[in-house]
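Below is one structure, written out as structure tokens, with a few remarks after it.
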Ligand code: 13P
Ligand code: SF4
């Protein structure tokens, strides 16, 4: 549940909040990481804005004592898994990923028993307990590359996103045992949204996140992670780009490429949890050192193996 900030914070302008955040960051030796779907004002004060893979890498190698993670729970948890010696704070305590909650460790253990010999590939959008049950983790930026590393004779259990799973099946030709999870924001994007926009903007390129259902990804010029979308936007000759993902992405893209025009596929693709973090929450997080995210050591060690295996086989993108 969202807890309102104290009244004195409500009187401060965004500039005043940002100035105070900068002071506290220096005092605490803290770095602020923000996912591409965060509110514009939060992206603007962050030290780094990126996709899940980029932010995990940054968390793992940050020289700071404190990581303030503006995102949802699995992202802060992944930072805590990779950097247990650091203090990881999530300013909006309850910001969570609804898709990650669609898979639990007990159900996954059951699935593993039903498919002995299978390897489990988990999307990073999972709880630490689920990661601890997996062989290797992946993000939307490297899912096909990770699945291709699994020996061909081994069945793959893919958890929890059925749509990303189907996209990877199409890319790799591997048949996989898919979990039934999905992202409630991405399933709001419909093929007719894209068709209507393409009629109005015939020159526009279409980029879509692989969490969108296949009838939508089938209409895309490129199916990309949010980090991949930033690179596409920088490199394309197109001046207009239709963006099939969570609405916050448009702010990031517009900031990167102010001369181009980014058109959301639909205003309906909103992740409310990604919008929970306000500037006041970031300030309170640094002032009160709240809300600390930790993972029990026995789970952390097993989850870390799955995440580190992914990091080892996937090269960072320049
Ligand atoms: P990216 O890793 O592409 O940023 O996606 C994370 C996410 O939660 C998408 O909904
Ligand atoms: Fe999870 Fe979907 Fe929100 Fe991404 S957009 S954090 S997958 S609920």
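Annotation note: Cβ proximity below 8 Å between a residue of region 41-60 that is free of Cβ contacts under 8 Å to residues at least 12 places away in the same chain and a residue that is surrounded by 22 or more Cβ atoms within 10 Å (Cβ to Cβ) and not in a helix (DSSP H, G or I) (sequence gap 6+ or interchain) occurs for no pair. Quick check: is even one residue across region 155-170 more than 16 Å from ligand 2 (Cβ to nearest atom), assigned to a helix (DSSP H, G or I), in contact with a strand residue (DSSP E or B) (Cβ under 8 Å, 6 or more places away or on another chain) and free of Cβ contacts under 8 Å to residues at least 24 places away in the same chain? Within region 155-170, one or more residues are more than 16 Å from ligand 2 (Cβ to nearest atom), assigned to a helix (DSSP H, G or I), in contact with a strand residue (DSSP E or B) (Cβ under 8 Å, 6 or more places away or on another chain) and free of Cβ contacts under 8 Å to residues at least 24 places away in the same chain. Restricting attention to region 186-202, the residues that are out of contact with any helix residue (DSSP H, G or I) (no Cβ under 9 Å at 6 or more places or on another chain) and assigned to a loop (DSSP other than H, G, I, E, B) add up to 2. Listed here are the strands (runs of 3 or more DSSP E) enclosed by region 31-126 that have at least 3 residues being within 16 Å of ligand 1 (Cβ to nearest atom) and within 16 Å of the chain's Cα centre (by Cα): 48-50. Evaluate the following for residue 131: is it within 16 Å of ligand 1 (Cβ to nearest atom), touching a strand residue (DSSP E or B) at 6+ places or on another chain (Cβ under 9 Å) and at pLDDT 95 or above? Yes, satisfied.
Here is a yes/no grid of residues against (1) away from ligand 1 (no atom under 16 Å from the Cβ); (2) within 16 Å of the chain's Cα centre (by Cα); (3) part of a helix (DSSP H, G or I); (4) at positive phi:
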| site | (1), (2), (3), (4) |
| --- | --- |
| 246 | no, yes, no, no |
| 252 | no, yes, yes, no |
| 267 | yes, no, no, no |
| 280 | yes, no, yes, no |
| 299 | yes, no, yes, no |
| 308 | yes, no, yes, no |
| 312 | yes, no, yes, no |
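Can you find a residue that is farther than 23 Å from residue 58 by Cα and surrounded by 21 or more Cβ atoms within 10 Å (Cβ to Cβ) anywhere in region 290-308? No.
State whether one or more residues within region 142-150 are modelled with pLDDT of 95 or more, buried (at least 24 other Cβ atoms within 10 Å of the Cβ) and either at positive phi or within 16 Å of ligand 2 (Cβ to nearest atom) (or both). Within region 142-150, one or more residues are modelled with pLDDT of 95 or more, buried (at least 24 other Cβ atoms within 10 Å of the Cβ) and either at positive phi or within 16 Å of ligand 2 (Cβ to nearest atom) (or both).
The values are calculated or read from the model by the stated rules, or taken from the named source; none is laboratory data. Keep in mind that what you see is a predicted model, and the values were worked out from it rather than measured. Quick reminder, even Gly has a Cβ in these numbers, built from the backbone with ideal geometry, and neighbours come from all protein chains shown.
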